[in-house]
Amino acid sequence: MGNNSLRGLAVILLGVALATAPALLSAQVSLSTVVDLAQRNSSAVRMAEADVQKSVAALAQAHDAYIPNFGIGSNIGYSHGFPTGQPSLGSATMQSLVLSFSQRQYVKAARAGIDAADLSLKDAREQVALDASTAYIELDAVNRELESTQQQQVFAGRLTAIEKERVEAGVDPHSDLLQADLTTAQLKLKRLHLETRAGVLAQQLAALTGLPTGSITLDRASIPEIPTISATEAPRSLPGIDAARALAQSKLIQAKGDDLMWRRPQIGFGIVYNYDSDKMNNYEQFYRPGTFTPNNVSFGLQINVPFFDFALRAKARQSAAEALRAKVEAEQAQHQNDAQISELTGSLRELDTLAEIASLKQQIASEQLHSVLAQLELGGGAASGSGAAQLSPKAEQLARIDERQKFQESLDAGLELSKARLGLLRALGHMQDWLNELHGK
């Protein structure tokens with residue numbers, strides 16, 4: 001059994017185990033496992049797989065027109081006068097298509113339809129992988145921000161207690177205490193917002209993977225670094241756009257076949273066998289004695305040459321219009337993707353700079369916190385004769401709150417940068433590089 005088969009089996013067993021576990025039971029699940037489960041559970045992927053099966057069946061149907069079909073039946077009845085029907089106790093028919101200029105085009109169109117369905121399936125799988133990866137990475141960032149906010153609330157509580165003592169001692173004005181209370185309330189609101197966002201993302205992952213809500217514990221170490229890519233590189237083939245082009249080609253060939261239907265003849269072959277009876281309709285009186293036989297066989301070619309068939313001509317025009325629309329839709333998809341690449345490229349440069357700035361601010365805040373702690377430990381530098389005012393205990397809490405705030409801003413900037421990079425990978429046709437990173441993690 002290959003590595004892919006073993007990984008697939010492990011994913012299935014894990015999904016079954018988590019799905020049957022109690023809702024409160026959680027298990028650490030890697031990002032690659034979440035992506036695999038999402039691709040297996042996705043309704044979009046399953047619909048795309050159904051389209052592939054439908055396209056394969058359409059090709060078989062186009063081919064089978066040349067394979068003789070066989071059927072048996074019976075025609076029993078009574079007629080007055082000359083028998084207008086065939087009072088056959090049993091009959092068998094066999095017929096097939098021999099020559100059709102249109103059918104050859106229909107076979108080609110069906111093959112192009114399979115290509116389009118396969119590419120649409122690949123595109124659906126890539127989109128699901130992107131959605132699952134984005135939700136997983138964002139939930140990890142939100143959880144880290146939530147932890148940081150909870151730490152801020154602890155620092156804010158200490159700050160409020162310190163300010164209350166200082167106000168009662170007449171050291172600080174009452175407005176400083178109100179400011180501390182405001183900071184506490186703002187952090188509470190932020191924590192509630194993050195908890196709501198985390199719940200929404202957890203629900204999204206549950207819907208994507210089919211696992212119970214809250215049963216997934218993130219594995220931060222399973223998130224690989226997103227491959228860097230420049231928009232100056234030539235885009236690879238994109239499954240979604242290639243699928244649109246293949247579909248347009250299929251419709252174009254279909255339209256050509258419909259056009260040939262009213263322009264070219266069609267030849268078919270058939271065989272009919274009847275076991276007739278003269279018991280219900282007296283054949284003997286219409287035939288010379290001894291000439292009637294119950295076993296009758298007829299076969300031959302049926303040649304159809306269209307002259308005036310306006311219905312077929314109208315259908316050909318309809319098919320041509322559908323082919324033109326499919327071609328325009330494929331071109332539109334290409335233009336939209338080009339615009340998305342341009343937009344993401346500009347955003348990526350800005351987000352990269354913003355992430356760098358946020359990281360520097362976080363480092364500065366961390367250094368300032370260390371400086372405040374050091375000054376508090378040395379008594380604010382008063383002993384050194386520097387003339388600097390001695391720091392109060394509230395300075396430590398303010399520095400800690402600010403450092404955590406800068407840390408969260410750095411997380412936000414990094415998250416937006418990751419989303420933009422993943423989007424650019426998708427737009428440039430490099431999504432498989434990300435999937436390889438996941439499976440190699």
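The values are calculated or read from the model by the stated rules, or taken from the named source; none is laboratory data. Just so it is clear, the model here is predicted, and its values are computed rather than measured. Cβ placement follows ideal geometry from the backbone for every residue including glycine, while neighbour counts extend to all protein chains displayed.
Report yes if some residue within segment 147-165 is β-branched (Val, Ile, Thr), in contact with a Pro (Cβ under 8 Å, 6 or more places away or on another chain) and assigned to a helix (DSSP H, G or I); otherwise report no.
Scanning segment 147-165, I find at least one residue that is β-branched (Val, Ile, Thr), in contact with a Pro (Cβ under 8 Å, 6 or more places away or on another chain) and assigned to a helix (DSSP H, G or I), so the answer is yes.
GLN105 versus (1) surrounded by fewer than 20 Cβ atoms within 10 Å (Cβ to Cβ); (2) more than 28 Å from the chain's Cα centre (by Cα); (3) part of a helix (DSSP H, G or I); (4) of a type outside the set (A, V, I, L, M, F, W, C): which is the lone unmet condition?
Here GLN105 clears every test but (1).
If we scan segment 213-233, do we find a residue that is touching a Lys or Arg at 6+ places or on another chain (Cβ under 9 Å), under 28 Å from VAL98 (Cα atoms) and crowded, with 19+ Cβ neighbours inside 10 Å?
First, the residues of segment 213-233 that are touching a Lys or Arg at 6+ places or on another chain (Cβ under 9 Å): 220-224, 226-229.
Now drop any that are not under 28 Å from VAL98 (Cα atoms), which leaves none.
Checked segment 213-233: no residue is touching a Lys or Arg at 6+ places or on another chain (Cβ under 9 Å), under 28 Å from VAL98 (Cα atoms) and crowded, with 19+ Cβ neighbours inside 10 Å.
For segment 196-214, state whether one or more residues are of a type in the set (Val, Ile, Thr), more than 28 Å from SER347 (Cβ to Cβ) and assigned to a helix (DSSP H, G or I).
The answer is yes; a qualifying residue exists.
Answer with yes or no whether VAL98 is at pLDDT below 85, β-branched (Val, Ile, Thr) and surrounded by fewer than 18 Cβ atoms within 10 Å (Cβ to Cβ).
no
Under 6 Å between Cβ atoms, which residue pairs at least 6 apart in sequence (or on different chains) link something in segment 148-177 that is among the charged types (D, E, K, R) with a partner that is outside any helix (DSSP H, G or I)?
Note: pairs meeting the criteria are ARG166/ASP172.
Going through segment 306-337 one residue at a time, which ones are closer than 23 Å to SER237 by Cβ, over 21 Å from the mean Cα position of the chain (by Cα) and crowded, with 16+ Cβ neighbours inside 10 Å?
Across segment 306-337, the qualifying residues are ALA323, ALA326, LYS327.
Are any of the residues in segment 188-198 crowded, with 18+ Cβ neighbours inside 10 Å and in contact (Cβ under 8 Å) with a residue 60 or more places away in the chain?
The answer is no; no qualifying residue exists.
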